[in-house]
Amino acid sequence: MSEQKIRLILDKIKEYDRIVIFRHRRPDGDAVGSTKGLREILRISFPKKDIRLINCDYSDYVAFLGDEDEAQPDDFYRSALAIVLDTATAERISNPKYELCREIIKIDHHIVTQPYGDICWIEEERSSTCEMIVKFYDVLKRELEINKEAATYLFTGMVTDSGRFRYRDVSGETLRLAGCLLDLGVDTDIVYANLYMDPFDELKFKSHMLKKIKLTANGVAYMYIDRATQEKFGMSFEQASACVSYMDSIRDSLIWIAFVECADGSIRVRLRSRFVTVSPLAEKYNGGGHACAAGATVYSSAEMKKLLREADLRLREYKENNEGWL
Ligand code: AMP
């Protein structure tokens, strides 16, 4: 099934001289790694085609992977094929000019809530979109080229979206595909150092925020980071948002949530879980995502408390009806 889709996508790519690649807003390692990886594979495989990666926002977190391409006027897009990676809903696409393109291909591993695109290859059980791009290469390797640069982009996204290959959606194939990338010479020391070394001021922020973690009656861990705290510690919004991971190893706390105040007063919600599914909760609050990693937005502290109550109830029900969790 996926091989058929992959061949259909390659046929479509061959039809176009110009291809523009897109990803979601507030990009993470998978969004950046998959788009850069695909751009590199297509550029070296089809040197005569014009392959661009054009988005409207940026991520410090994976800035070490290098730049994207410059903005272009509307006319540039009209003859292009759009390939949108790692983006569940059209509304989350970083660059709204994707709509001007002649056709749209969507490749993603998120749960589908609002479909879009002329050709969709979606595999919710894949650990990352990067994994899908490596699969794409693997199926078509007689016709495509890859190099160490592309492998580094794709390996980075596979590592970040799978929590360093710890999450449940990591399969035998995930590791086999990651192994193909390592065979191409990815320097894992450099990748891991860039991803996981903390600047000293971030460590100070972490120690402050660890003291702010609270638990609901049934064990949902949560923290709220207001703008004043972000400013006091000199944290960018992206750095502050990373605090969700500070709560990921509390025994019995199977759901953990970071609420991060945005510049416009809205509150970004980052939900994470072990065993329990949290994506329906995110969908109720203007969001979506995966079973155990989802995002949402709330607009008041009353709404934040309501979401917390619902998360707590969900966790209580889970604990009452299941055994063997930690
Ligand atoms: P985040 O906490 O923003 O890293 O989001 C966790 C996962 O949920 C990522 O895979 C996001 O792409 C996805 N996600 C976040 N916000 C939304 C949203 N508003 N709609 C759909 N998916 C989302």
> How many residues, within the stretch 80-107, are touching a Gly at 6+ places or on another chain (Cβ under 9 Å) and not hydrophobic (A, V, I, L, M, F, W, C)?
Replying inline: 5
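Do we find that A240 is closer than 16 Å to R270 by Cα and in contact (Cβ under 8 Å) with a residue 12 or more places away in the chain in this structure?
On the way: closer than 16 Å to R270 by Cα: yes; in contact (Cβ under 8 Å) with a residue 12 or more places away in the chain: yes.
Yes; evaluated as a whole, the condition is true for this residue.
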> Looking at V20, V32, which one is outside any helix (DSSP H, G or I), touching a residue at least 12 places away in the same chain (Cβ under 8 Å) and β-branched (V, I, T)?
Replying inline: V20
> Given the structure, is A291 part of a loop (DSSP other than H, G, I, E, B), under 21 Å from the mean Cα position of the chain (by Cα) and within 16 Å of the ligand (Cβ to nearest atom)?
Replying inline: yes
> Hey, S245 hits all of (1) buried (at least 20 other Cβ atoms within 10 Å of the Cβ); (2) within 23 Å of D198 (Cα to Cα) but one; which does it fall short on?
Replying inline: (1)
> Among the numbered criteria (1) in contact with a Ser or Thr (Cβ under 6 Å, 6 or more places away or on another chain); (2) away from the ligand (no atom under 12 Å from the Cβ); (3) outside any helix (DSSP H, G or I), which single criterion is violated by C130?
Replying inline: (3)
>> Which of the numbered conditions does A71 fail, given that it passes all the others? Conditions: (1) assigned to a loop (DSSP other than H, G, I, E, B); (2) touching a Lys or Arg at 6+ places or on another chain (Cβ under 8 Å); (3) of a type in the set (A, V, I, L, M, F, W, C).
In response: (2)
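Keeping to the stretch 220-235, report how many residues are part of a loop (DSSP other than H, G, I, E, B) and touching a residue at least 60 places away in the same chain (Cβ under 8 Å). First the steps, then the outcome.
Within the stretch 220-235, the first condition is being part of a loop (DSSP other than H, G, I, E, B), and the residues that meet it are 220, 226, 233-235.
Within this subset, residues satisfying the condition of being touching a residue at least 60 places away in the same chain (Cβ under 8 Å) are 220.
Summing the residues that are part of a loop (DSSP other than H, G, I, E, B) and touching a residue at least 60 places away in the same chain (Cβ under 8 Å) in the stretch 220-235 gives 1.
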> Is it the case that the stretch 85-102 has a residue that's within 16 Å of the ligand (Cβ to nearest atom), of a type in the set (S, T, Y), surrounded by fewer than 22 Cβ atoms within 10 Å (Cβ to Cβ) and at pLDDT below 95?
Replying inline: no
> So which residues in the stretch 8-28 are surrounded by fewer than 14 Cβ atoms within 10 Å (Cβ to Cβ) and over 25 Å from the mean Cα position of the chain (by Cα), if there are any at all?
Replying inline: D11, K14, E15, D17
> In the stretch 62-82, how many residues are crowded, with 20+ Cβ neighbours inside 10 Å and under 16 Å from the mean Cα position of the chain (by Cα)?
Replying inline: 2
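Within the stretch 198-219, which residues are in a loop (DSSP other than H, G, I, E, B) and either modelled with pLDDT of 95 or more or touching a strand residue (DSSP E or B) at 6+ places or on another chain (Cβ under 6 Å) (or both)? Give the steps one after another, and end with the answer.
Just the residues of the stretch 198-219 that are in a loop (DSSP other than H, G, I, E, B), to begin with: 198-199, 211-213, 216-219.
Passing the criteria: K211, K212, I213, T216, A217, N218, G219.
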> L175 versus (1) more than 22 Å from C243 (Cα to Cα); (2) touching a residue at least 24 places away in the same chain (Cβ under 8 Å); (3) in a helix (DSSP H, G or I): which is the lone unmet condition?
Replying inline: (2)
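A quick yes/no check of all residues on (1) part of a strand (DSSP E or B); (2) more than 16 Å from the ligand (Cβ to nearest atom):
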{"site": "Y246", "(1), (2)": "no, no"}
{"site": "R251", "(1), (2)": "no, yes"}
{"site": "W256", "(1), (2)": "yes, no"}
{"site": "G265", "(1), (2)": "no, yes"}
{"site": "A282", "(1), (2)": "no, no"}
{"site": "A302", "(1), (2)": "no, yes"}
{"site": "D312", "(1), (2)": "no, yes"}
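The values are calculated or read from the model by the stated rules, or taken from the named source; none is laboratory data. If you're wondering where the values come from, they're calculated on a predicted model, not measured in any experiment. With ideal geometry, Cβ positions are generated from the backbone for all residues, glycine too; neighbour counts draw on all protein chains shown.
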